[in-house]
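Report on the structure given below.
The values are calculated or read from the model by the stated rules, or taken from the named source; none is laboratory data. Only a predicted model underlies this, so the values are computations on that prediction, with no experimental measurement involved. Note that each Cβ is placed from the backbone with ideal geometry, even for glycine, and that neighbours are counted across all protein chains shown. Only protein heavy atoms, including side chains, enter the accessible area calculation; ligands, DNA and RNA are left aside. Shrake-Rupley method; radii C 1.70, N 1.55, O 1.52, S 1.80 Å.
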Amino acid sequence: MNYSLFDSDYSSQSEKKGSLIPEWIEEINSEGWFQLFVPKSLGGLGLDLPEALRIEQKIANLDGSLGWTVTLCSGALWFVGFLEESLREEIFPNRNLCFAGSGFVGGKAEIVENGYMISGSWTYASGALHASHFTANCEIWKDGIQLKGEQGNPIIKAFILNKEEVEILGGWNYMGMIATGSHAFKTESLHVPFNRSFEIIPEKATLTDPIFQFPFQQFAEATLVANILGISQHLQTLIQKAFWKRNSLRNYSEVEVDFAEKQFAISSNSLEAAAKDFYYSVEIAWAILVENGSVKKTELKDVSKRSRELVRVCRETNFVIYPFSGLEVAKMETELNRVWRDFATVSQHALITFPYFD
């Protein structure tokens, strides 16, 4: 990895641009970060989940928007394990692939001759400006009737759309994660063949690699939380630097410095302990999956619980030491302000709003 590409100046350039700069995209493709979970036989890195999470955490520590885009786009390319073989052979291998998509069910797919007719709009597609393909969730209809499953719930399927088949809507107007370019997209009356649809459940996996048997709920939680951890580590490092810079100018008393140092230590230790518990739960679940071909509900619940607990610790420790940064954190042009805004934005993700309720 070329670390010189990921300093604060490049991050500022990306934020002003509203998307990842070309140098970053080239490095991502060179390192294969968008294809963390794509099997090696298809040109990807083929990593197991614990390995991938640590890479995502490391990248998020460099820059929040960078880490988030890599995580969301590599998560979308994880769908390779659920695609029909004919479509997979059509798309892979390709080092420049980037899937972007939305978990929002924003479309209607009407079954027609030789495929589906799709119309809809979807929000928050991180990496939209770099994407070669988009994933879109749709309700399924036939002859004007919405199809439902055995439990009476609407049948939902995901679809792969080519970038030239969608219109990107400039809808990311938030204070943080600006360089993710998490825009909305839409399409209208688009005909796609049957092989463009897929379902993201283990029993529907078309590839046998263990990663595609890891349930999507915990996969999503773990990958998002690894990002929040990386951003929090970056933020806490910058807050401490800001404090010591202020101290050199203000010459705080020994009691005040001691108090700040204790808060830094408590925050750091709490974050480290919660991160350790999080990774341990993922590693246990992964080991059971590899050995048995599936993960027990007990281990999955623990992944969810530890993921949410780590987010809680990130929020609390960041806020506890936040005052020590002074007005430096409020200056819009500073690295500290950008990382703070990124954390304040990404930690609002709906998937990790609440603690885990058993």
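Key figures for this structure:
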{"read-out": "P(r) weight above 15 Å for the stretch 30-112, C-alpha pairs, percent", "value": "60 percent"}
{"read-out": "Glu27, Glu89, reordered so the largest accessible area comes first (probe 1.4 Å)", "value": "Glu89, Glu27"}
{"read-out": "Nearest 10 degrees, 0 to 90: helix 64-77 Cα axis against the chain principal axis", "value": "20 degrees"}
{"read-out": "The chain - accessible surface per residue (Å², probe 1.4 Å)", "value": "47 Å²"}
{"read-out": "Cut-off under 5 Å, modelled amide H: who pairs with Gly101 long-range", "value": "Ser126, Thr135"}
{"read-out": "Amide H contacts under 5 Å for Trp141, placed H, 5+ residues apart", "value": "Ala109, Glu110, Ile111, Leu147"}
{"read-out": "In order through the stretch 276-291: 3J(HN,Hα) via Karplus (6.51 cos²θ - 1.76 cosθ + 1.60), integer Hz, x for Gly, Pro", "value": "4, 5, 4, 5, 4, 5, 5, 5, 5, 4, 5, 4, 5, 4, 4, 6"}
{"read-out": "Reported label for calculated Kirkwood radius over Cα pairs in Å given (1) 21.5; (2) 20.6; (3) 27.2", "value": "(1)"}
{"read-out": "Net charge, Pro355 excluded, C-beta distance under 15 Å - Lys, Arg +1, Asp, Glu -1", "value": "0"}
{"read-out": "Vicinal HN-Hα couplings computed from phi for the stretch 82-90 (Karplus, 6.51 cos²θ - 1.76 cosθ + 1.60; Hz; Gly/Pro x)", "value": "10, 7, 5, 4, 4, 6, 4, 5, 6"}
{"read-out": "With DNA, RNA and ligands ignored, accessible area of Ile91 (1.4 Å probe; Å², nearest 10)", "value": "20 Å²"}
{"read-out": "Under 17 Å from the Cα of Lys148 - lysines, other chains or at least 8 residues apart", "value": "Lys108, Lys157"}
{"read-out": "Built amide H within the under 5 Å cut-off of Gly106, gap 5+", "value": "Asn137"}
{"read-out": "Probe 1.4 Å, all protein chains present, accessible-area order of Ser132, Ser268, largest first", "value": "Ser268, Ser132"}
{"read-out": "Most to least accessible of His130, His234 (protein chains only, probe 1.4 Å)", "value": "His130, His234"}
{"read-out": "Accessible area (Å², 1.4 Å probe, nearest 10) - Met175", "value": "100 Å²"}
{"read-out": "Out-of-range pairs (alpha-carbon distance over 25 Å; input Lys262/Lys305; Lys58/Lys296; Lys276/Lys296; Lys204/Lys297; Lys204/Lys301)", "value": "Lys262/Lys305; Lys58/Lys296"}
{"read-out": "Carbon/sulfur fraction of accessible area - the stretch 197-277, other protein chains in place, 1.4 Å, %", "value": "52 percent"}
